[in-house]
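Undergrad: Once you've had a glance at the structure underneath, I'll fire off some questions.
Here, each number is a calculation from the coordinates, and none is a lab measurement. None of these values were measured; they are calculated from a predicted model. Here the Cβ positions follow ideal geometry from the backbone for every residue, glycine too, while neighbour counts run over all protein chains shown.
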Amino acid sequence: MIIILLGIGVVMFFNSPLYNNNNTQSLPDGVTEGEGTSIMEVGNQEAGDRPVKTFNLTAQETEWEIGNGETVNAWTYNGTVPGEPLRVTEGEYVRINLKNELEVPVTIHWHGVLLPNKMDGVPGLTQNSVQPGESFTYEYIADDAGTYWYHSHQHSSKQVDKGLYGSLVIEEKEKEYEQDEFFILDEWAVNQEKRDLSNMGGMMMGGMSGDGEADTKQMYDTFTVNGKTGEAIEPLVMEEGETARLRFVNAGFQQHQLVFPKGSMKVIANDAEKVNGEQGSTNVMEIAPGERIDVEFTKQTRDAAVIAQKTDVENAEDMRIPVVTKENADNPTSDMDVAASTDIANGVSYGSEKLLFEETPDPDVTYNMDLSMGMNMGQGMAFQINNEIFPDTPPIQVKEGDIVKVNITNSGRMNHPMHLHGHRFQVASKNGSAYENPIVKDLIHVKPGEEYTIYFEANNKGEWLFHCHDNNHADRGMVTIVDYQGVYSPFEIGEKYDNQP
Ligand SMILES: [Cu+2]
């Protein structure tokens, strides 16, 4: 009986997006009103004598060849999936002119970048969504070399799904690796029949069986790397003995596990923070939705090799990056064996080189964040924070300078990669035991039954989202706000700009 009820809820989930019924809801008091300063007035940055780098990005509709003879109707930044790759050098001042040629409003969020609140790209919170035909200019100082990405934050569950994302690299002044490559992983629903009724029961059954990914697995049928699937994926060209930096981002809503040839890879950074610690024999890299992981990869032999999705999930054969020499670049063989996997490295496997706190700090604010799954009357599935869905979720209220402790517990049955905007946090403990070497990140993948304790310093005044980066979960409510005392947002959800954060 429970299964049937949940099944019905799930059908409604896909037929009636929350926000369609939700345009009149408003943000909590303190976020939008009260004394103090508008977020438009805080954290201002200027170019000064920094070099300025300018990019123009146009959001547009594109018929995109995904590979295997399939074309998808995509929404892109500058006509490709992923959008135009952006590379800047640390210390530069970046200016991005966004023009919207779509028939729907869009924005750009600079995922992982520590920037002024009004440049964060969250419609209804830090700006109004950019209407069809209109433009908006983002600008900020690019500090903190590392791997980032950008994506629309307007109705993300749909817009990121349709291709509105791209890579952003902030390079070190002295580059450590001559070869430096970017791979963005994603899933697509090319065959829409995947979403039919008979599968939805299966999704919930899968959910019951504790896989944590059952919902996403039911929704998508095609995996891509840099917008291409299967044999259309562009090979990585390297000669024997060469070493390169490979930057991975998961723009999809499902976790991926990539298997490398044994002894060929080492994790060097995650979420733009360098890692340290003994890596042992790992040859599998697990990456959560929204997460960034950089690896150092060495081509060990002259023979072609492959970096591929671990074969224990459906559609794994779509996600294979051939590694070939110049000589055989035109004919990469597609039937190379995926290596046997040893240990898995994920976003919390290694400690960070630079910590935010040397000792566990005394918090000024403690927030217990319970992540759960439920039903929302008339609207189907809900993904909740402390039993509420956004915008009714309780905000994390802070003052500038506070040390904030958040205990995140997943009491549901799906994975929740929780991402904090505008700050980095230190992951201090998992399931009650402290990390010997803590990890600095801006996204923590919380699986069913897990509990993490994180700390951050409230050092970037504004109104900042803290949300699940499975955007289908965010769309169904799993979003809250870090709300600084003394500032307010002049924007509103919905209304005439159709702001859908
Ligand atoms: Cu989630």
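Undergrad: Within the set of pairs 6 or more residues apart or between chains, which connect a residue that is within 14 Å of Ile39 (Cα to Cα) inside the stretch 450-470 to a residue that is of a type in the set (D, E, K, R) and within 16 Å of the ligand (Cβ to nearest atom) with Cβ atoms less than 6 Å apart?
TA: Partner pairs satisfying both residue conditions: none exist.
Undergrad: For the stretch 364-376, give me the residue count where each residue is more than 16 Å from the ligand (Cβ to nearest atom) and either of a type in the set (Phe, Trp, Tyr) or touching a Ser or Thr at 6+ places or on another chain (Cβ under 6 Å) (or both).
TA: Looking only at that region, the number is 1.
Undergrad: Please work out if Glu457 is more than 10 Å from the ligand (Cβ to nearest atom), more than 16 Å from Gln384 (Cα to Cα) and surrounded by 24 or more Cβ atoms within 10 Å (Cβ to Cβ).
TA: Numbers: more than 10 Å from the ligand (Cβ to nearest atom): yes; more than 16 Å from Gln384 (Cα to Cα): yes; surrounded by 24 or more Cβ atoms within 10 Å (Cβ to Cβ): no.
No.
For (1) in contact with a Phe, Trp or Tyr (Cβ under 8 Å, 6 or more places away or on another chain); (2) within 18 Å of Met40 (Cβ to Cβ); (3) not acidic (Asp, Glu), each residue gets a yes or a no:
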site	(1), (2), (3)
Thr126	yes, yes, yes
Tyr138	yes, yes, yes
Ala142	yes, no, yes
Ala145	no, no, yes
Ser152	yes, no, yes
Val160	no, no, yes
Gly163	yes, no, yes
Glu171	no, no, no
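Undergrad: Find the residue count for the stretch 105-128, including only residues that are under 19 Å from Tyr488 (Cβ atoms) and among the small types (Gly, Ala, Ser).
TA: Residues that pass the stated criteria total 2.
Undergrad: Now a separate question. Right, Asn128: at positive phi and of a type in the set (S, T, N, Q) or not?
TA: Answer is no for this residue.
Undergrad: Test Val406 against the criterion of being surrounded by fewer than 17 Cβ atoms within 10 Å (Cβ to Cβ) and among the hydrophobic types (A, V, I, L, M, F, W, C), and give yes or no.
TA: no
Undergrad: Here is a follow-up. If I filter the stretch 222-244 for residues that are closer than 25 Å to Glu171 by Cα and among the basic types (Lys, Arg), do I get at least one hit?
TA: no
Undergrad: May I pose another question? Can you list the strands (runs of 3 or more DSSP E) lying wholly within the stretch 263-364 that have 3 or more residues being more than 26 Å from Glu240 (Cβ to Cβ)?
TA: Per the criteria, 273-276.
Undergrad: For the stretch 464-501, how many residues are buried (at least 24 other Cβ atoms within 10 Å of the Cβ), of a type in the set (Phe, Trp, Tyr) and away from the ligand (no atom under 16 Å from the Cβ)?
TA: Result for the stretch 464-501: 3.
Undergrad: While we're here: Just to be sure, is Ile321 of a type in the set (Val, Ile, Thr) and under 25 Å from Lys447 (Cα atoms)?
TA: no
Undergrad: Among the residues of the stretch 80-134, count how many are closer than 24 Å to Glu463 by Cα, in contact with a Leu (Cβ under 9 Å, 6 or more places away or on another chain) and among the hydrophobic types (A, V, I, L, M, F, W, C).
TA: Counting residues in the stretch 80-134 that are closer than 24 Å to Glu463 by Cα, in contact with a Leu (Cβ under 9 Å, 6 or more places away or on another chain) and among the hydrophobic types (A, V, I, L, M, F, W, C) gives 10.
Undergrad: I'd like the full set of residues that are in a strand (DSSP E or B) and of a type in the set (Ser, Thr, Tyr), limited to the stretch 108-140.
TA: The first filter runs over the stretch 108-140 and keeps only residues in a strand (DSSP E or B), leaving 109-111, 123, 127, 130, 135-140.
Those that are in a strand (DSSP E or B) and of a type in the set (Ser, Thr, Tyr): Ser135, Thr137, Tyr138, Tyr140.
Undergrad: Follow-up. If you take just the strands (runs of 3 or more DSSP E) that sit entirely in the stretch 377-425, which of them hold at least 3 residues that are within 15 Å of the ligand (Cβ to nearest atom)?
TA: 380-385, 403-410, 416-420
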